[in-house]
Amino acid sequence: MTQPSTPAHSPVLVWVMGAAGAPADGSEPFRLGKADEPQLLVTDLVATRGDGVFETIGVFDGTPVNLDPHLRRLARSAELVELPALDLTVLAQAVQAAIDAHAPVPELTVRVMVTRGVEGSGTPTAWIHARTAEDWSRCREGIAVVTLDRGLSTPVPRPSPWLLPGAKTLSYAVNMAATREAVRRGADDVLFVSTDGYCLEGPTSTLLVQHGDTWTTTPADAGVLPGTSIASVFEVLRAEGATVREELMTPDQVASADAAWLLSSSRLAAPIARLDDTRLTVDAHRTAQLISVLKGQYPGSR
Ligand code: PLP
């Protein structure tokens, strides 16, 4: 996987939220800070417990893609971890301000972070940070993926909501450890597999599998994050008359597909060129089409 070069950063927009969603001190809803100056207190529960939620939004030629779905998913994640309701209007303004504060670049990655705030304060902290996206060009040509056991069965998330299925929390250390394991095994990325033998998702991506005119992803109730990218792709495929479905798939079913991808908002569509020891066909034409959908630039897509 391409390692980040030193990216250009925008200032950080810091929003400290009061209980009812209003700014905690009654002043401006957010302020501009510098990314290379201290902004967070060491007592913030995100620093001590990883207790918070986030979103990563892709911005292409200055336009954020799927902003509303991302903010709605953030609100849903906040609800799942029992944070106060978020003011999505303020957050949308702050995202735009972060984009405006950054030098214009073709691909920008904007992170929206909301934490439980300083321990005992009851007031969440939020910040938004825009940075030049990593260079994902090599991944968009094809990636080697290894399957790794996630240690959970597909029915487990339903009776165990404390596992926070479907929430994008800031506790991504396990996901990052899995990615390092993939690199140790000579691969670029991971496809998590459940203990009952089904493919789930990548540590930062959603699985998309093509068999002829049928396109399949993992059902959200298997404990995966409902992706904004897969929603956009399915909308376009459905409009083209293809069959799209959410169904559990085994690694063998993915390995025997016509093509498969890992989708996400910043890297976009990364075609799976190898799954464990099996080579898959990389469909460069389809990949380019998927990338244009995910950049919000495909005719008919949002
Ligand atoms: N699954 C996980 C665990 C993720 O972290 C992500 C994105 O970061 C995705 C799926 C893909 O989500 P989206 O398409 O909304 O970027």
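Would you pick out the residues in region 263-288 that are within 16 Å of the ligand (Cβ to nearest atom) and not β-branched (Val, Ile, Thr)? Selection gives 263, 264, 265, 266, 267, 268, 269, 270, 271. Looking across region 191-207, the residues that are within 10 Å of the ligand (Cβ to nearest atom) and not acidic (Asp, Glu) come down to 192, 200, 202, 203, 204, 205, 206, 207.
Restricting to region 255-286, name every residue that is of a type in the set (Ser, Thr, Tyr) and either open to solvent by 50 Å² or more (accessible area, probe 1.4 Å) or in a strand (DSSP E or B) (or both).
If the condition is that a residue be of a type in the set (Ser, Thr, Tyr) and either open to solvent by 50 Å² or more (accessible area, probe 1.4 Å) or in a strand (DSSP E or B) (or both), then 256, 264, 278, 281 are the ones that fit.
In region 39-57, the residues that are acidic (Asp, Glu) reach residues that are more than 16 Å from the ligand (Cβ to nearest atom) with C-beta atoms within less than 7 angstrom, at least six apart or across chains, in these pairs: 44/115; 44/117; 44/118; 44/125; 51/45; 51/115; 51/116. Residues that are within 16 Å of the ligand (Cβ to nearest atom), of a type in the set (Asp, Glu) and more than 30 Å from residue 288 (Cβ to Cβ): does region 162-183 have at least one? Yes, region 162-183 contains a residue that is within 16 Å of the ligand (Cβ to nearest atom), of a type in the set (Asp, Glu) and more than 30 Å from residue 288 (Cβ to Cβ). Flag: residue 72 does not match the condition of being more than 16 Å from the ligand (Cβ to nearest atom) and open to solvent by 20 Å² or more (accessible area, probe 1.4 Å).
The number of residues in region 287-298 being of a type outside the set (S, T, N, Q) and surrounded by fewer than 16 Cβ atoms within 10 Å (Cβ to Cβ) comes to 1. The selection criterion, being at pLDDT 95 or above and either touching a Pro at 6+ places or on another chain (Cβ under 8 Å) or surrounded by fewer than 20 Cβ atoms within 10 Å (Cβ to Cβ) (or both), holds for residue 82. For first residues located in region 247-265 and closer than 16 Å to residue 234 by Cβ and without any contact (Cβ under 8 Å) to a residue 60 or more places away in the chain, partners that are open to solvent by 40 Å² or more (accessible area, probe 1.4 Å) and within 16 Å of the ligand (Cβ to nearest atom) and lie 6+ apart or on another chain with Cβ distances below 9 Å form the pairs 249/198. Within region 224-243, the residues that satisfy the criterion of being in contact with a Pro (Cβ under 9 Å, 6 or more places away or on another chain) and open to solvent by less than 20 Å² (accessible area, probe 1.4 Å) are 224, 228, 232.
If you scan region 222-232, which residues turn out to be more than 9 Å from the ligand (Cβ to nearest atom) and in a helix (DSSP H, G or I)? Step through it out loud before you land on a result.
Of region 222-232, the ones more than 9 Å from the ligand (Cβ to nearest atom) are 222-223.
The one that is more than 9 Å from the ligand (Cβ to nearest atom) and in a helix (DSSP H, G or I): 222.
The values are calculated or read from the model by the stated rules, or taken from the named source; none is laboratory data. Quantities reported herein were computed from a predicted structural model and do not represent experimental measurements. Please note: Cβ atoms are built from the backbone with ideal geometry, for glycine as well, and neighbour counts cover all protein chains shown. Accessible surface areas use protein heavy atoms only, side chains included; no ligands, DNA or RNA. Shrake-Rupley method; radii C 1.70, N 1.55, O 1.52, S 1.80 Å.
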